[in-house]
Amino acid sequence: MIRITAASAIVAMTLLANASVAQQHAGTSSDTPQLQQVAQFEHQVTGVTVSKDGRIFVNFPRWTEDAPVSVAEVSRDGQIKPYPDEEWNSWRNEKKNQMSAGDHFVCVQSVVTDAHGNLWVVDPAAPATASLVPGGPKLVKIDLKANKVAQVIRFDETVAPQGSYLNDVRFSPDGQYAYLTDAGAKGALVVVDLQTAKARRVLSGHPSTQPEKDVVVKIDGHALRRPDGRGVEFAADSLALSPDGRTLYWKALTGRTLYRIATNALQNPRLPEKGLEARVERVAETEPTDGLWIDERGRLYLSAIEQDAVRVRDGDRITTLVQDKRLRWPDTFSEGPDGTIYVTSSHIQDMSWFKPETGPRLETQLWRIERPGAVQ
């Protein structure tokens, strides 16, 4: 017979309580996917992408400081190296009138690898998300084998007008088209024919690409506002493409409505704007998000910025994959060759835009989610 004393009962209760606290920190149970830190950065990160052979790339926008590196490769020990070289990363705000904006990174917002061995860099060229630097907006293709820039697609004012802020990009599986969001003053999508390097701005000002006026982004239960009272107002931002390349999904960061459209409609330059607008479909009501990602199983990952969480939409069901206070403003997703999901935390709520006492520099992190297939 096992005799339970008062002392042993207290020890058992303490152990159970500690286990419960640990599970609450990690998620709903010991089987819940966990966050593992890949790297910590001394500057604000936004984008991440992982190539087919496991190379990791990140970018640092020029928002509150004159960032010393715009695009970098992350080594296995978490160190960063300017990519593809220091020259492309040498542009600085203070040298604005001395350096060409067309062949240097000005203010990079995202990096995405494709299925054909290339890294693509989206440069809205709008430091502090303010005025565009003339000649700066572009999409840059880097050959990952040669580690050299292979193509630069520059966007004129018909595609990236003043007030625009090109945000994210996805590529058709056949490598013929790129689709971008514009989260700036007048939201839009941009379609690029990669064979001809011709770009078109579409759905500009359409309700699907605009902030939703009744949505207020809240952090820790309070509206996130600048000292002058302005809130978070970003237009078309979140972007994802179905694995077969047939359907594009997007939503405004300051919005709850998820939209989609058949990509064959976007690819048709002869389709009138009204005809294109008629093809836009409402998919679901979600929450304010920054990044989206669709895995090979067709599950949609959403960065739940108000919840310090990553959520997953599988069919019509949305569940929480991981929630952790360390995940400050989950920003951008990428999927590694083994199916591991990577996500940056850009700490936007901690920026000097909202907390002047923070100062211009902001430490941020890159995470990976272990066992992402175990959605609870």
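Coordinate-derived values only; no laboratory data. The model shown is predicted, which means the values in this text are computed figures rather than measured ones. As a convention, Cβ positions derive from the backbone with ideal geometry for all residues, glycine included, and neighbour counts pool all protein chains shown.
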Original post:
What is the gain in length, in nm to one decimal, between residue 162 and residue 338 on full extension, counting 0.36 nm per residue of separation less the C-alpha to C-alpha distance?
Top reply: 59.3 nm
Original post:
Pulled fully out, how much extra length does the chain show between residue 36 and residue 273, if you take 0.36 nm times their separation in residues and subtract their Cα-Cα distance?
Top reply: 80.8 nm
Subject >> Charged-residue dipole, Cβ positions (Lys, Arg, Asp, Glu), segment 271-320 about Cα centre, Debye nearest 20 >> reply: 220
Original post:
Which length gain, in nm to one decimal place, applies between residue 152 and residue 283 when the Cα-Cα distance is subtracted from 0.36 nm times their residue separation?
Top reply: 43.8 nm
Subject >> Cα centroid separation - segment 51-129 against segment 291-354, whole Å >> reply: 22
**OP:** Could you list which residues have their amide H under 5 Å from that of residue 67, counting only those 5 or more apart in sequence or on another chain, with H placed in the peptide plane?
**Re:** none
Subject >> Karplus 3J(HN,Hα) series, Hz, for segment 293-305 with 6.51 cos²θ - 1.76 cosθ + 1.60 (x for Gly, Pro) >> reply: 7, 10, 7, 5, 7, x, 7, 9, 8, 10, 7, 7, 5
**OP:** Highest first, please rank the peptides 210-221, 92-103 by the mean number of other Cβ atoms sitting within 10 Å of their residues.
**Re:** 210-221, 92-103
Original post:
Out of 36, 109, 267, any idea which swings most in a Gaussian network model of the chain, alpha carbons joined below 10 Å?
Top reply: 36
Original post:
Which angle between 0 and 90 degrees, to the nearest 10, do you get for helix 6-26 versus the longest principal axis of the chain when only C-alpha atoms count?
Top reply: 10
Original post:
Taking the chain as a Gaussian network, where each spring joins two C-alpha atoms under 10 Å apart, which residue of 360, 82, 227 fluctuates the most?
Top reply: 227
Original post:
Using unit Cβ charges (K, R positive; D, E negative) and no other charged atoms, how large, in debye to the nearest 20, is the dipole of segment 35-369 about its Cα centre?
Top reply: 500
Original post:
Can you flag which of 52/81; 95/148; 141/186; 96/274 are past 29 Å Cα-Cα?
Top reply: 96/274
Original post:
Any idea what the dipole of segment 96-164 comes to, in debye rounded to 20, about its Cα centre with Lys/Arg Cβ at +1 and Asp/Glu Cβ at -1?
Top reply: 160
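Find the relative contact order for the chain and round it to a whole percent, using C-alpha pairs within less than 8 Å whose residues are 6+ positions apart.
This gives 16 percent for the chain.
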**OP:** At 7 Å along the Cα-to-beta-carbon direction for both residue 314 and residue 103, put a label point, then send me their distance in nm to one decimal.
**Re:** 5.0
Subject >> Structure-derived Rg/Rh (Cα atoms, Kirkwood Rh) - corresponding label in (1) 0.98; (2) 1.00; (3) 1.06 >> reply: (2)
